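Each value in this text was obtained by applying a stated rule to the coordinates, not by laboratory testing. Given the structure is predicted, the values throughout are model-derived calculations rather than measurements. A quick note on method: Cβ atoms are made from the backbone with ideal geometry, for glycine too, and the neighbour counts reach across all protein chains shown.
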Amino acid sequence: MPEIKVTPLGAGQDVGRSCILVSIAGKNVMLDCGMHMGYNDDRRFPDFSYITQNGRLTDFLDCVIISHFHLDHCGALPYFSEMVGYDGPIYMTHPTKAICPILLEDYRKITVDKKGETNFFTSQMIKDCMKKVVAVHLHQTVQVDEELEIKAYYAGHVLGAAMFQIKVGCESVVYTGDYNMTPDRHLGAAWIDKCRPDLLISESTYATTIRDSKRCRERDFLKKVHETVERGGKVLIPVFALGRAQELCILLETFWERMNLKAPIYFSTGLTEKANHYYKLFITWTNQKIRKTFVQRNMFEFKHIKAFDRAFADNPGPMVVFATPGMLHAGQSLQIFRKWAGNEKNMVIMPGYCVQGTVGHKILSGQRKLEMEGRQILEVKMQVEYMSFSAHADAKGIMQLIRQAEPQNVLLVHGEAKKMEFLKQKIEQEFHVNCYMPANGETTTIFTNPSIPVDISLGLLKRETAIGLLPDVKKPKLMHGTLIMKDNSFRLVSPEQALKELGLAEHQLRFTCRVHIQDPRKEHETVLRVYNHLKAVLKDYSVQHLPDGSITVESILIQATAHSEDQGTKVLLVSWTYQDEELGSYLTSLLKKGLPQSTS
Amino acid sequence: MAAHLKKRVYEEFTKVVQQQHEDLSAKKLRLTKPSKSAALHVDLCKATSPADALQYLLQFARKPVEVESVEGVVRILLEHYYKENDASVRLKIASLLGLLSKTAGFSPDCIMDDAINTLQNEKSHQVLAQLLDTLLVIGTKLTENPSVRMRLVEVACKHLTDSSHGVRNKCLQLIGCLGPVEKGVAKEVESQSAKDVQKIIGDHFNDQDPRVRTAAIKAMLQLHERGLKLQQTIYCQACKLLADDYEQVRSAAVQLIWVLSQLYPESIVPIPSSNEEIRLVDDAFGKICHMVSDGSWVVRVQAAKLLGSMQQVSSHFLEQTLDKKLMSDLRRKRTAHERAKELYSSGEFSSGRKWGDDAPKEEIDTGAVNLIESGACGAFVHGLEDEMYEVRIAAVEALCMLAQSSPSFAEKCLDFLVDMFNDEIEEVRLQSIHTMRKISNNITLREDQLDTVLAVLEDSSRDIREALHELLCCTNVSTKEGIHLALVELLKNLTKYPTDRESIWKCLKFLGSRHPTLVLPLVPELLSTHPFFDTPEPDMDDPAYIAVLVLIFNAAKSCPTMPALFSDHTFRHYAYLRDSLSHLVPPLRLPGRKLVSSPVSPSITPNEDPSQQFLHQSLERVYNLQHLDPQGVQELLEFTIRDLQRLGELQSELAGMADFTATYLQCQLLLIKALQEKLWNVAAPLYLKQNALASAAAKQILEETYKMEFMYSGVESRQVVIIHHMRLQAKALQLIVTARTTRGAEPLFGMCEKFLQEVDSFQRCFISELPHMQGSFVDKLLDLMPRLVTSKPSEVVKILQTTLRQSTFLHLPLPEQLHRATATIIEPTGESDNPLRFTSGLVVALDVDATLEHVQDPQGTVKVQVLYPDGQAQLIHPKPADFRNPGPGRHRLITQVYLSHTAWTEPCQIEVRLLLAYNSNRSKASAKIPKSTWSDSMEALPQSENGIEGTIPFSKPVKVYIMPKPARR
């Protein structure tokens, strides 16, 4: 039985280092190639030696697919392709291809330049790696080789995030990457058609959460910012460079526009500026509103948001500043925070989760006195707000996607084991499909029952359908034809054509049977009696009495001769071709029962 | 047979028709043009290739065919149809047959047999489908004939087994449109066909082709629309279709389920996989809710829209739609809305949010959580969050409809609607504000909700702000803090957008009169009075101060203790505002002051309204007194006109009626004056004065009649006749005057001709009204018509003069409702002393803001006129998008007018006013003449040549001070 094998090298019952190996119908595909934020040693990259101990990876993998540009989905790519060695194609969407190298370069800089690591990939390696990338469009079917094809679907989450369908023959797998089922201010919701894959590999970050409507959070956020600005306070929003930052920018920009506000909004320069440039370019990947209005004005060409300069932080009057990084652990956001923390009119809004140990986490948990480096004590008087803006599908969203795609099996990755357990149970209960959640390195095997397509010649189809009633969806239909299996393809053709193609002469197979009947009368009288009898019984068939004394029922021939020894016994010779087997055997059994005692 | 047909065609070709005209004077001989069918036949015979024939047919299809020759043409076409081998030509012929049978006045039963016959031998599926389509057209024209319908349905049933989806599609459509609906009839006729239409259609619900499935559902819906009661059994089938792969099937299935839920709301259906049962409407509601999260947005829109009309659903299900059952880490979580409510009820307000404030509380039993099959759960939450704004709008509309019927639901959905005020698309925001206004009777806003609502007042879009003002006009606020908050925010709005002044004042007027008891404790603070100290008198021209006063005075109307809190200047200001802004400030019973205006008792119903009676009585009087001597008539008319005008000023609801009749009487008066005998008998040299009077009168009457016809909404054809009649009289008067002043008969001849033509067209337009006009001018004129046509102009004039004088005065019947179109220019106000300076030769944009009442089709008729001091006039056509429609009968024009002029030395005033454009062609009378598309276009109505275009000013002109400066070099 054909099978699909899935082995997560990362992201199996875990978040981070997404890397999943799939082998389907003899093809091996690697989905994502990410790094783990939590580790700084070898564990940060997936263990590629699992694939092969020695030798190029190219020989073992048919292609690599990257779902989006987050580092936990693409961070290990240069290491994988340049240092371990892979020369095959890497597929990603256009925005991912554009933004991915920026992030990789940034990541490299931090690891090599700041932390001083050696034996890390270089800028050149990133460039070389990107040369192997093939960019795909949404809903474009890309033929990797003759059999393997992939297709991208919109996934929301971040700009350019995509779900991929991998298809070989009739078997298919859908890998969702990270996705979001609720639209936000700059991106739409994930969407997939009813593609009925054999396996759906879904992320499950929020497997046990059903989220509140986004509108409340947005309104709260805007109200907080607006109130503070009206009071003359300054608002600091620490963000990471890509993703949520753009959403919040759009949110504030439109609000400023609507409410006619004048307070300046600043955005810390650097990485974000470059990224914004790409957001401007890839308008087709954004949501309905931005797509519809970009002709008048591109929403990412901010009117109210300007680039930030270090000196602006000391300016009097209200302002809003987006600064990196998001957890207030270093860099510009921390600098600004230190300047503004003392004033109770000011406010800091944390738009996302903060890791333990960071300043962000401390102030969120209510700490008001912070010890900074150099034994300095910073008293936090400013207001601290937490707003969660997350772009992953919640439990309901995951279920909704499963409902849309209608897979045969589901496999959960990118989530915590305990939470997955719950979702797995729900999926099995509600959709009655198998659900798997392998750990890293664990292989899951899924048996598929692929339907085998057979080409049928039009003539045969028409002929066969014309015979019976209209085709009914529910009932299988019997057909006569010849199945030709040749060069890996199946064809159903009419027997005549098959004979012609194969160069064979047609042989006729006839069954003959003798039936003895006790009848003292003359031969032709017996024939007449048989004829009358058959005519009476087989009303729907054409029964003919031929002049040479034989009877035909359709194509079945019946001849009567007197028995050589016993004149009272007549021998009926019944002969039919194998196509008429059904009728022929019926006829013989009928004749064996004998003729009715004629009244005449 | 063909030969016979051809003969018939050629007969038509040379048919000579004698047309008998009613007027015996003009007997004309007319030749009908060569018949279309003959030409077609010739063409088709000439055609050598299918492409040629197709070309001929295409050309033929462009021209209309007269009713009489349709049948002939059809025969010709059919004949060619049988001969034709090419499927595309047959297809075109089939489609032409359908087109021809649509011809008005043609009864297609004669060609039905042939059309059915053609079906028999047809092999091409496309042609077959087209033929069925033709049969559908024929069937829809003959719906009254049950046997024809039965026959067609039978034909359709026969072709249902066709292998092409197109044919099956058409068959189902045919069955849907023509299938028997009435049970009784069905019984008799069905005996031979013995088929249940519903069953036949139902069988195709699981056809292999999605297009056929869709057609089947649509046919079922069609049957329902035609009045057949669908069976409940198809409910299960329809439910299965909801999971179809194709969106158009799902979309249609949603509709079908909705229909069934409306038909059998109370029947009980089992819940699969459990032995519980629920009401069908609840089950259907759950299913449609489920479709709100469908993959296709078309289906989502459809589902969201239909939810709104399912009012029988039980409240338990309804309220689920707003509850998503949040959880986090498997623990139950409260929504932000719940938290806000709790915060509010615990008395704590606007606490700084702490991290983990929304920390989930109780553990959830994992088994009990149901992630998807929870039916209605959170449907609206999803709908309102949808990525397509079409879905969001549909969801808001549905919320509105459901909330209107269920107060408890209205209370619950409030939070969600308030959230929608922050949507990214303005249309959605606007829609949700309107929705909120519609359900505002059922709800009282909590303070935190009010806060969110008021935050939107700063929106830069004028439409949003005005919608919000309207909303505030009819909301209930629960606390005095709420009122205060609203006032503060509205004043903030006023300073930010001073142009909103009127709208804000109006809003405060209602806010005050709705909540007098809440305003009362705020009065000292608002007026900043102090028990011991005198406070400075506020500036009377400050719009903010006026706003506060409007609020207070309106509250004081039903709160008699309030005036005691006013200080002296407040009373003075009251007197001033009562005069200057009487529509905003109500009459108050103040100590030491008499109530000036008469009390309006609302108990009197309009029927017994004395003013209405007065109107009718005075009109009766006038109409009865037509035989008095002219002097008496004149005086009576003058008095009545004066009375009516005054009545119109006093009673706004009767203003339209009173003005209309007054105008009519005015016309009559003018006519009587102009025809006074004394003047006409004077000798020729003294004509001068009388001529001037008469021609001026005629001109004025003409103008007034145009006003009567086009400025009032609700004018019916009965009035239009009278108006036209009056106009005719005026024209007659003009003719007489010109006849007496001009010498020579040459110019007169043309004028007479023209006048007679007008009489003729009048007669044709209003032939049905003529019996009501006994003894009128036109009646007499028509009697004399034969004489007039033949006589010389001078005689004509003489006849006209006597008829005019002898004719009686027509009674003007009043329609039910009559409103005069009015316009008020709000902006520019015309108060500014600062001239608008601009460089000459360049343009300056002037914002014009006006409200229009009772204007029909303002986009087409309202124009802005700018008059420069040098007499130059400029007419501007506002864009259709500049008109908004805030309420029934009301329009708002917000536009920009571009001004330009050469340099002036001094600033000077220009006048801006609104005009109502009219075109007598567009008049209500001519619209009634049936215009058939297939009728011969050669016989164009003579209306167009005497169509008069003009404009009526209908707003007070506003003066704007401008100063074009010479350009500096």
- Phi to ³J(HN,Hα) by Karplus 6.51 cos²θ - 1.76 cosθ + 1.60 over the range A:256-269, Hz, x for Gly, Pro: 4, 4, 5, 8, 6, 8, 10, 4, x, 10, 10, 10, 5, 7
- Note on the structure: What the 10 Å binned alpha carbon P(r) of chain A shows, as percent of pairs per bin from 0, is 3, 13, 19, 17, 12, 8, 6, 6, 5, 4, 3, 2, 0, 0
- Note on the structure: When the charge dipole of the range B:686-770 is computed with +1 on Lys and Arg Cβ and -1 on Asp and Glu Cβ about the Cα centre, the Cα farthest towards its positive end, among B:696, B:715, B:749, belongs to B:696
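Would you work out the charge dipole size for the range A:212-290 about its Cα centre, treating the Cβ of every Lys and Arg as +1 and the Cβ of every Asp and Glu as -1, and quote it to the nearest 20 debye? Mind showing how you got there, number by number?
Values: 14 positive and 9 negative charges, 18 e Å.
That gives a dipole near 80 debye.
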- Sorted by average packing, counted as other Cβ atoms within 10 angstrom per residue and highest first, what order do B:959-966, A:401-408 take? A:401-408, B:959-966
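Within the protein assembly as shown, what percent of beta bridges assigned by DSSP are antiparallel, to the nearest 5? Please report the intermediate quantities before stating the final value.
Numbers: 111 of 159 bridges.
The antiparallel fraction comes to roughly 70 percent.
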- Note on the structure: Yeah, the range A:127-175 with a ≥ b ≥ c from its alpha-carbon gyration tensor (a/c under 1.5 is rounded, else prolate when a/b outruns b/c, oblate otherwise) is oblate
- Can you quote the Å³ per residue value for the convex hull of the Cα atoms in the range A:70-197, rounded to an integer? 112
- Message: Check which residues have an amide H placed less than 5 Å from residue A:265's amide H, if you skip close sequence neighbours.
- Response: A:306, A:320
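Neighbouring Cβ atoms within 10 Å as the yardstick, rank B:157, B:765, A:33 fewest first.
Details: B:157 17, B:765 20, A:33 29.
Fewest to most other Cβ atoms nearby, the residues stand as B:157, B:765, A:33.
Pairs B:158/B:218; A:223/B:480; B:170/B:287; A:396/B:287; B:438/B:863; B:731/B:780: which exceed 21 Å Cα-Cα?
Values: B:158/B:218 19 Å; A:223/B:480 23 Å; B:170/B:287 30 Å; A:396/B:287 17 Å; B:438/B:863 33 Å; B:731/B:780 16 Å.
Flagged as over cut-off: A:223/B:480; B:170/B:287; B:438/B:863.
Placing unit charges on C-beta atoms (Lys and Arg positive, Asp and Glu negative, everything else neutral), compute the dipole magnitude of the protein assembly as shown about its Cα centre in debye, rounded to 20.
Numbers: 180 positive and 188 negative charges, 543 e Å.
For the protein assembly as shown, the charge dipole is close to 2600 debye.
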- Sorted largest first, the Cα spans of the range A:305-416 on the principal axes come out in Å as 60, 33, 22
- Task: Treating the Cα atoms of the range A:351-416 as identical point scatterers in vacuum, please give the log10 of the normalised Debye intensity I(q)/I(0) at q = 0.12, 0.15, 0.18, 0.29 Å⁻¹, two decimals.
- Result: -0.55, -0.67, -0.79, -1.31
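Net charge within 11 Å of residue B:451 by Cβ-Cβ distance, Lys/Arg positive one each and Asp/Glu negative one each, not counting residue B:451 itself? Don't skip to the answer; put the middle values down first.
Details: positive: A:219, A:223, B:446; negative: A:227, B:447, B:448, B:481, B:489.
Summing Lys and Arg as +1 and Asp and Glu as -1 gives -2.
Using a simple charge model, +1 on the beta-carbon of Lys and Arg, -1 on the beta-carbon of Asp and Glu, nothing else, what dipole does the range B:771-813 show about its Cα centre, in debye to the nearest 20?
Numbers: 5 positive and 3 negative charges, 32 e Å.
My answer is approximately 160 debye.
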- Item | Among B:728, A:324, B:444 the positive-end extreme of the charge dipole of the protein assembly as shown (Cβ point charges) | B:728
- Query: Which angle from 0 to 90°, rounded to the nearest 10, does the C-alpha axis of helix A:395-405 make with the longest principal axis of chain A?
  - Reply: 40
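Given the peptides A:64-70, B:119-125, arrange them by the average over their residues of other C-beta atoms within 10 Å, most packed first. Could you put the intermediate results ahead of the total?
Numbers: A:64-70: 26.7, B:119-125: 13.3.
Packing proxy ranking, top to bottom: A:64-70, B:119-125.
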- Note on the structure: Quick P(r) readout (the range A:226-308; Cα-Cα; 5 Å bins; whole %) gives 3, 13, 26, 26, 18, 10, 4, 1
- Query: Using the 10 angstrom Cβ neighbour count as an exposure proxy, how do B:713, B:163 rank, fewest first?
  - Reply: B:163, B:713
- Dmax and Rg, reported as Rg then Dmax, of the range A:1-40 (C-alpha, Å): 12.0, 43
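Please pull out the direction-averaged projected area of the range A:327-387, using the convex hull of its alpha-carbon atoms, in nm² to one decimal place. List each step's numbers first, then the result.
Working: hull surface 15.1 nm².
With the hull built on Cα positions only, its mean projection is 3.8 nm².
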- Quick shape check on the range B:383-498: root eigenvalues a ≥ b ≥ c of the Cα gyration tensor, a/c under 1.5 is rounded, otherwise prolate if a/b tops b/c, else oblate, and it reads oblate
- Task: Report ³J(HN,Hα) in whole Hz for each residue of the range A:199-204, in order, from the Karplus equation J = 6.51 cos²θ - 1.76 cosθ + 1.60 where θ = phi - 60°; Gly and Pro get x.
- Result: 9, 10, 9, 10, 6, 8
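Can you tell me the order of B:419-431, A:109-121 when each peptide is scored by its average per-residue count of other Cβ atoms within 10 angstrom, highest first?
Values: B:419-431: 20.5, A:109-121: 11.4.
Result, highest mean Cβ count within 10 Å first: B:419-431, A:109-121.
Ignore the peptide's own chain and count Cβ atoms of other chains within 10 Å of each Cβ in B:378-384; give me the average, rounded.
Working: counts 3, 0, 1, 7, 6, 0, 3.
Averaged over the peptide's residues, the number is 3.
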- What is the P(r) of the range B:690-814, as percent of Cα-Cα pairs per 5 Å bin from 0? 2, 10, 21, 23, 21, 13, 7, 2, 0, 0
- Query: By how many degrees, between 0 and 90 and to the nearest 10, does the Cα long axis of helix A:271-281 differ from the longest principal axis of chain A?
  - Reply: 40
- What is the average number of partner chain Cβ atoms found within 10 Å of a Cβ in A:225-231? 1
- Task: Name the shape class, rounded, prolate or oblate, that the alpha-carbon gyration tensor gives for the protein assembly as shown, where a ≥ b ≥ c are the square roots of its eigenvalues, rounded holds for a/c under 1.5, and otherwise prolate holds if a/b is larger than b/c and oblate otherwise.
- Result: oblate
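Starting with the fewest neighbours, write out A:382, A:35, B:401 ranked by other beta-carbon atoms found within 10 Å of each beta-carbon.
On the way: A:382 22, A:35 27, B:401 18.
Fewest-to-most Cβ neighbours within 10 Å comes out as B:401, A:382, A:35.
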- Equivalent ellipsoid semi-axes, the range B:468-530, via Cα gyration tensor eigenvalues times 5, rooted, Å: 19, 15, 9
- Task: Let me know the mean shielding of B:418-425 by other chains, meaning the per-residue number of their Cβ atoms within 10 Å of its Cβ.
- Result: 6
- Query: Lysine pairs, Cα distance under 25 Å, 8 or more residues apart or cross-chain: how many in the range A:495-600?
  - Reply: 12
- Phi-derived 3J(HN,Hα) across the range B:496-510 with the Karplus relation (6.51, -1.76, 1.60, θ = phi - 60°), rounded Hz, x for Gly and Pro, is 6, 10, x, 5, 7, 3, 4, 5, 5, 4, 4, 4, 5, 4, 5
